[in-house]
Amino acid sequence: MDITIKEFVKGAQEAQGVTVIVDVFRAFSTSCYAFDNGIKRLIDVASPAEAFALRDKLKADVIIAGEQNERRPKGFDFGNSPTEMMTGNIAGTTMIHCTTAGTSGILCATGASEILGAGLVNAGATASYITMLRPEKVTLVAMGYRAVKSAEEDLLCAEYIRDLLRGTERDISRETEALRTGSGSRFFTPENLSFSPPTDFFLCTDLNRFNFALKAVITASGYAEIIRVDMNH
């Protein structure tokens, strides 16, 4: 199995084979918690304008969640927050999701044979799913902070998945804890509390909390249907 780690939108555009778009803070963590709290359908789009247009088209039981520059855009029902997914009344809804890095990465991976979304919360399940596929080539794309700056948590997650695919599981608890004073320190900054609560940090770094992969299927309309793939022990 040939495994490559790339970064940012460019990495997603260059990705080949089974491709994992990694966004720990917070896109795919948010997606996992949303599925866990009972959404029936998840659709990733590239921009707020597309999110609103798709909501108008789908009409019933639709919510929009996500962020631009970390903050919830005007007119969105929820931010890009695992905390909001856990506490929100979202069961049974179709969720349209739009973020700066994660959902963009999914939609940019046009050369991939299959696309997955991952964070630390479902890294193990993602590796299990890929192992089942037995692909020749895997590309792990760490989307980074706002898709332009390397993010410790995304690279850590990509390396963790790579090691699992190679048959070794390393203890990353120390590195995960270190994120609290590194790239995750923004969750503890008072001025960010309204859109980026401290609880999000702990929810996003809860390693292997969920035993399902997130598989993206790009539709003819240009958005991505995200399918929850449960991995049975």
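Quick notes on this structure:
- Total lysine pairs under 22 Å (Cα atoms) in segment 1-107, excluding pairs fewer than 8 apart on one chain: 4
- Of (1) 50; (2) 67; (3) 64, the label for percent of Cα pairs over 21 Å apart derived from the coordinates: (1)
- Whether segment 1-111 is rounded, prolate or oblate, judged on the alpha carbon gyration tensor where a/c under 1.5 counts as rounded: prolate
- Global geometry of segment 152-218, whether rounded, prolate or oblate, following the gyration tensor of its Cα atoms and the 1.5 cut on a/c: oblate
- Mean residue ellipticity, 222 nm, helices only, the chain: the sum of -39500 (n - 2.57) across DSSP H runs of n ≥ 4, divided by residue count and rounded to 500, is -9500 deg cm²/dmol.
- Estimated vicinal HN-Hα couplings, Hz - segment 66-80 in sequence order (Karplus 6.51, -1.76, 1.60; Gly, Pro = x): x, 7, 9, 6, 6, 8, 5, x, 4, x, 7, 7, 9, x, 8
- Stretchable slack from Asp2 to Leu193, in nm (0.36 nm times residue separation minus alpha-carbon distance): 64.6 nm
- DSSP-defined beta bridges in the chain - what % are antiparallel, rounded to 5: 35 percent
- Sorting 108-121, 167-180 by average packing, meaning the other beta carbons within 10 Å per residue, from highest down gives 108-121, 167-180.
- In the chain, the portion of solvent-accessible area held by carbon and sulfur atoms comes to 49 percent [1.4 Å probe, whole percent, DNA, RNA and ligands not counted].
- Highest mean first, the peptides 78-87, 47-56, 23-32 sorted by other C-beta atoms within 10 Å per residue fall in the order 23-32, 78-87, 47-56.
- The spacing between segment 121-174 and segment 7-53, judged by their C-alpha centroids, is 15 Å.
- Net charge over other residues, Cβ less than 12 angstrom from the Cβ of Asp206 (K, R count +1; D, E count -1): -1
- R0 of 30 Å, Cβ-Cβ distance Lys57-Ala91: FRET efficiency to nearest 0.05: 0.85
The values are calculated or read from the model by the stated rules, or taken from the named source; none is laboratory data. Computed from a predicted structure; not experimentally measured. FYI the Cβ positions are ideal-geometry reconstructions off the backbone, even for glycines, and counts take in every protein chain you see. Note: accessible area is taken over every heavy atom of the protein model, side chains too, but ligands, DNA and RNA are not part of it. Shrake-Rupley method; radii C 1.70, N 1.55, O 1.52, S 1.80 Å.
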